[in-house]
Amino acid sequence: MILRRSLARLAILASGALLQGCLYVELYGPVSGASVTIAPLRGGAALIEDASSFTPEQTEALFSSGDWAELTENQKVSLMGAVELPKDELLPNQFYLITASGGLDYDYNSDQQRDATGEPVLGTWHAILTGRQLKGITRVSVMTEAVYRYLLPDLDDMSNKELQAALDDAAQRLVEDINNDDVVDYKDVVSWTATAYADRFRGEEFLLQRLRTDIEYDLSADSLDIDAVQLVERAPLKPAVEQSPLADDLVYCLSPIYFADLCSVTELPLIGTSSAQPTVADLMERLVVSHDWMATRFEQFLEQMPATVLTLARSVSAIVISDAVRPAYFDPITNAVYLDPDFFWLTDEEYATVSEEEDYRSEFSSNVNFSDLARYVRDGESVGARAYEVDEDGARTLEQAVPYTAAVLFHEFSHASDAIAAPELAKLNPWLAPFQQSVVPVSTGLTDHSPLLAPELYGLAGVLYQGWDPTPEEAEYTPKQVATFFASDRANDLYGFSTPFEDLAMLVEEFMMATHFQSYRDVGFTNAPTGATDDILCDDYVIAWGQRNRIAVPRIRARLEYALTEMLPDMDFSSELAALPAPKNLPASTGWCSYLDQLADGVRPLDSVGRPMERPLPTRARPYE
């Protein structure tokens, strides 16, 4: 409350030069002599160009000597860096872009005491503010710069309503309630100041420090963008087990930008270096989450998983479950796994915190003339569709979601065991990070031993999963042509052609789902229906070619056996490999969903009428990598 009293006193005591609006510029502390521009966010003439934030001397001159003497050092610091505003020209509901650059920071060590000489600031930072906010008390800070850069790629495509929602969403990731209105929104971000509310930042100090350094030394836009995104997305992250011996370093070690940030395997050991058979508790000690419920659910899911899931996690350094993750992925720099919380929610309240953003690869499929579909089938039901069945309260059961979730754990943990296989764990250089180790990935050996062949499919995988522009020929391939390339090749999934790592992970994932959950994978190539998404039914996707349990094809099973032997040599899967059911072809010229049950022995076929798409939609915009 000290800051608020100071500002109220300033409004009474200051001369008319400061007007009613109070905009302050800070980085570590208040920045005096910064050049400030205010212009409409959507374009137009600037209201202010190259105004200068008040120097210490200018600030002091607003007070009588007696009034200035009554202020504490903290209060004096909090009043520095103000900027005059053209109050009458500000439109209350218009968004403005405030740009600050240069100046001298007079509280460089953030101790709330004025430094004798200011520290030069070389760079530029920003804030997005409405005219109404500018008529109040607001700040341009490292926090507003983070939000600005985080939203910058989408600013031109947002309506004002969408922008306000995005600003509020970012604020909820960054700060706690600052203005004491019992709501966390963007007003709290523009009220935040390091001199009074450092403890209201949700994240760790190093995230702020990196972005401040970028601004201070005027580093490249790329550096600013990376550090801003990390600040916003990682601020909510916290260790699931606060008593974990690694808790103090987890978030830092998962956020390297420069080589100096890298944590060695001594600082962040891989799970299997201390346990040949990790436990649920071992994984929980490496878990970082953005919401508390994610830790609770993850532990519950792990308790229901087969032991092989934990074994595959031996090469994992840490696990992140965050609302900023979509799709799930493996980071070879740190050997950490990032998981989408959409796999773990059980209640409607939990689901409400899951991101609604689409997988960035969703749009890539529109560049080709076919659909590449996949699903797991168990007891005549789609595992993915079953996972999204909810009761009247919007809740689902653990039993429903476990098989769906197991697939992503098998897949991502396989990436870790591919990068550093179990036999390599005891040989690691303790002073190097995971990606610096002299280890040959198992997938490299798989490619050397039994490469995928069809050049056409490498190109199509680049289009569908990497976002490459298709050649005219690729854009016109029919489902039957693609099926001809694929059916005689050695991959169990077109996704395997995107990288050798995905080739191996798809093999292992499908095998583990068949072995542990009796869930068998369908792959198929169909037409690409056109029209409004809501009007397209599942059976509008007509099968040109499809196959269930493709890993049982002899040439593919041989590749799978090689991958398992090299990755998990201490485990014997020979009986499970031998027990794989024979592959079955899906009936051509039928809808994708019509014969879902008919292929399962003893289960009545579904009616052949079209029904709405399953969720997730059967496109190759995968829910995980």
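Quick one: in segment 333-389, which of the residues that are open to solvent by less than 20 Å² (accessible area, probe 1.4 Å), over 23 Å from the mean Cα position of the chain (by Cα) and polar (S, T, N, Q) is farthest from Leu312 (Cα to Cα)? Within segment 333-389, the match that is farthest from Leu312 (Cα to Cα) is Ser371.
Rundown of residues vs (1) surrounded by fewer than 15 Cβ atoms within 10 Å (Cβ to Cβ); (2) touching a helix residue (DSSP H, G or I) at 6+ places or on another chain (Cβ under 9 Å); (3) within 19 Å of Thr193 (Cβ to Cβ), yes/no style:
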residue	(1), (2), (3)
Tyr24	no, yes, yes
Leu27	no, yes, yes
Ser32	no, yes, yes
Arg42	yes, yes, no
Ala46	yes, no, no
Phe63	no, yes, no
Trp68	no, yes, no
Glu73	yes, no, yes
Lys76	no, yes, yes
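Only one entry in Phe501, Phe497, Phe435 is closer than 30 Å to Leu270 by Cα and either open to solvent by less than 10 Å² (accessible area, probe 1.4 Å) or of a type in the set (Ser, Thr, Tyr) (or both), namely Phe497. Total residues in segment 63-111 satisfying the condition of being of a type in the set (Gly, Ala, Ser), in a loop (DSSP other than H, G, I, E, B) and farther than 17 Å from Leu134 by Cα: the figure is 4. The residues in segment 8-46 that are at pLDDT below 90 and in contact with a strand residue (DSSP E or B) (Cβ under 6 Å, 6 or more places away or on another chain) can be counted, and the count is 1. A single entry from Ala324, Ala307 fulfils the requirement of being at pLDDT below 95, of a type in the set (A, V, I, L, M, F, W, C) and open to solvent by 10 Å² or more (accessible area, probe 1.4 Å): Ala324. Ala146 satisfies every condition listed in (1) out of contact with any strand residue (DSSP E or B) (no Cβ under 9 Å at 6 or more places or on another chain); (2) in contact (Cβ under 8 Å) with a residue 40 or more places away in the chain; (3) more than 21 Å from Thr213 (Cβ to Cβ); (4) open to solvent by less than 40 Å² (accessible area, probe 1.4 Å) except (3).
Checked against the criterion of being open to solvent by 40 Å² or more (accessible area, probe 1.4 Å) and acidic (Asp, Glu), segment 187-200 contains one or more residues that satisfy it. The residues on offer are Pro269, Pro256, and the sole one that is in a loop (DSSP other than H, G, I, E, B), in contact (Cβ under 8 Å) with a residue 60 or more places away in the chain and either open to solvent by 20 Å² or more (accessible area, probe 1.4 Å) or basic (Lys, Arg) (or both) is Pro256. If you take the residues of segment 529-555 that are in contact with a Pro (Cβ under 8 Å, 6 or more places away or on another chain) and assigned to a loop (DSSP other than H, G, I, E, B), which of them is farthest from Leu494 (Cα to Cα)? Here the answer is Ile536. Looking across Pro581, Pro554, Pro623, one residue alone is over 19 Å from Asp379 (Cα atoms) and either at pLDDT below 95 or touching a Phe, Trp or Tyr at 6+ places or on another chain (Cβ under 9 Å) (or both). It is Pro623. Counting only residues that are in a helix (DSSP H, G or I), at pLDDT below 95, closer than 11 Å to Val190 by Cα and not hydrophobic (A, V, I, L, M, F, W, C), segment 121-152 holds 1 of them.
The values are calculated or read from the model by the stated rules, or taken from the named source; none is laboratory data. Bear in mind the structure is a predicted one, so any value in this text is a computation, not a measurement. Methodologically, a virtual Cβ is constructed for each residue, glycine included, from the backbone with ideal geometry; neighbour enumeration extends over all protein chains shown. These area figures cover heavy atoms from the full protein model, side chains too; ligands, DNA and RNA do not enter into them. Shrake-Rupley method; radii C 1.70, N 1.55, O 1.52, S 1.80 Å.
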